[in-house]
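The block underneath contains the structure these notes are about, expressed in structure tokens.
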Amino acid sequence: MPDFPWLERPREYRVSPRFLAGPTHTGDPGLRPLIDAGWNFSRDDVGNVFVTTPDHTVRCGFLPEGEHGELWSISAHAHTFAPPEWLVTLDLNAPPEIVGDFTTALAAVHTDDPDTVLGGSARIGLDITNDLLRSGWRIDPQPSATALRTPDQLVTLHRRRGHLRHEAEMAGDTERWLIEVGPPEHRWYATASSAVPDQLLGALATAVANPGPVERNLRPSPWAAYRSKPSPSRRRRPRWRSPASRPPRPARPRCLVGQLPPWPTPQPPRRRHPASPPSPGAPTDRPPPAPWRTPCPTPPPSTTRTQ
């Protein structure tokens, strides 16, 4: 059907590099390594999927109906009811094969020694930085962060310097590591907090930069012949930006007693009964009220007959 190409059956393509392949309709490639390792599987009523270790200390969430915008959220906890020690997130456009490489490394590390999952970062990412530089990445120092870029400028790894509050990282307000992938008009993001173990951080960076191809079933778009390329001024900006260019989050307004306007003074209610007459000699702007009058009684009808 040449007139209706979008009605054709999808064709299978091999997309390389795979970080430009985009997402699929399922998260199976990212969840399968954990399920094969014996982790527990559950889902909620709206379609979010959760895979956790038997003791619930390491958790992976596939959140198509999440509230914060990221599709993948992976965290580690000291015990079942403890807050997260570290957090890794990937947004909606991340290919699930990249998540699968990271979860494969996570399952292997947890199987070998579960305590190493909570070991933290001993070298603060220096090892992964040196490995990327030896692989041909270029370093770009910035005022508040250090950026590492691939030679094709399609993958950028930002490392924020300075002290970061752990609570702010776990809430998603800031991050130690930010990975930007793709051209500006089709960019997706991944984040990692400060306490992510060096081995897992290296696995994430390696999985993102892997140029291997992946398979995708694609069909021609019905609007490809009618849609023009948007101008640079009207392109949709990414949800997250690099630490150097992202403006600080505005502080929440607080209601202080000293900043509130004064409460209006209550006024006495209006009098509904007639006002009393003014005292003799007092000035007045209105004439005194008229005296009350008593209506005259009506005389009874006469009963005298005329002779």
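Quick rundown of the values:
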read-out: Residue pairs meeting the criteria (Cβ under 8 Å; at least 6 apart or on separate chains; first more than 14 Å from Gly27 (Cα to Cα), in region 63-78; second among the small types (Gly, Ala, Ser) and part of a loop (DSSP other than H, G, I, E, B)); value: His68/Gly172
read-out: Test set (1) assigned to a strand (DSSP E or B); (2) at pLDDT 95 or above; (3) not hydrophobic (A, V, I, L, M, F, W, C) - Glu12 fails condition number; value: (2)
read-out: Within region 90-147, considering residues that are closer than 15 Å to Val196 by Cα and among the charged types (D, E, K, R), the one modelled with the highest pLDDT; value: Asp115
read-out: Those residues of region 149-165 which are among the polar types (S, T, N, Q), crowded, with 17+ Cβ neighbours inside 10 Å and in a loop (DSSP other than H, G, I, E, B), in sequence order; value: Thr150
read-out: Residue check, Phe41 assigned to a strand (DSSP E or B) and over 20 Å from Thr191 (Cβ atoms); value: yes
read-out: Filter result for the condition that a residue is assigned to a helix (DSSP H, G or I) and not hydroxyl-bearing (Ser, Thr, Tyr), over Ile74, Ile98; value: Ile98
read-out: From the options Gly172, Gly182, Gly120, Gly125, residue that is within 15 Å of Ala207 (Cα to Cα), in contact with a strand residue (DSSP E or B) (Cβ under 9 Å, 6 or more places away or on another chain) and of a type in the set (Gly, Ala, Ser); value: Gly182
read-out: Residue that is surrounded by the fewest Cβ atoms within 10 Å (Cβ to Cβ) [pool: residues in region 127-148 that are under 29 Å from the mean Cα position of the chain (by Cα) and farther than 19 Å from Val181 by Cα]; value: Pro143
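The values are calculated or read from the model by the stated rules, or taken from the named source; none is laboratory data. Since the structure is predicted, the reported quantities are computational estimates derived from the model, not experimental observations. As a convention, Cβ positions derive from the backbone with ideal geometry for all residues, glycine included, and neighbour counts pool all protein chains shown.
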